[in-house]
Amino acid sequence: MEHDEKLIDELSGHFSSHCKGKEREKPSPKIMLEPTEENLKAFKEYITYLWEDIPDAVSSYEAAELIGMTHQKINRLVKSGILNGANIMNKQYCSKQEIIEYICHPSKISIPVNKVLEKLVRDFMKIYKSKSKRKL
């Protein structure tokens, strides 16, 4: 019976997500866009152009939709002081420019944290690369 317990201990974690043995290493995230000063500036210009028809102040719901987060996350960012916001008639508003600054942070463009930001970076890269080729 002792042999069976050792075998069970060895196999523990191989058939479920509850690994008791050695921890599995997560692959390191792939950098989508190098956060150079030039890339950050170009990405900021791209987003500013892309969102030119969006009002200067957006609700937390609208901001969340723009950058692929929940409105609760936007409200937490405002509450923690990462974003500035105003509460008007029980509705949280943020500056469009603040949202742009937030997503143009090097960590947000190098390794986007969600599908919406990933798509924004990917679309930017397509346009930016085609413009670079025309300059040559």
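The values are calculated or read from the model by the stated rules, or taken from the named source; none is laboratory data. Please read these numbers as outputs of a predicted model, since none were measured by experiment. Counting neighbours? That spans all protein chains shown, and the Cβs are built from the backbone with ideal geometry, glycine included.
Overview of values
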| quantity | calculated |
| --- | --- |
| Extreme residue, modelled with the highest pLDDT, among residues of segment 84-112 that are among the basic types (Lys, Arg) and crowded, with 17+ Cβ neighbours inside 10 Å | Lys96 |
| Per-region count, segment 122-136, residues under 15 Å from Thr48 (Cβ atoms) and modelled with pLDDT of 90 or more | 2 |
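Conditions tested, residue by residue: (1) out of contact with any Phe, Trp or Tyr (no Cβ under 7 Å at 6 or more places or on another chain); (2) surrounded by fewer than 14 Cβ atoms within 10 Å (Cβ to Cβ); (3) at pLDDT below 80; (4) over 30 Å from Gln92 (Cβ atoms).
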| residue | (1), (2), (3), (4) |
| --- | --- |
| Ile8 | yes, yes, yes, yes |
| Leu11 | yes, yes, yes, yes |
| Lys22 | yes, yes, yes, yes |
| Lys26 | yes, yes, yes, yes |
| Asn39 | yes, no, no, yes |
| Tyr49 | yes, yes, no, no |
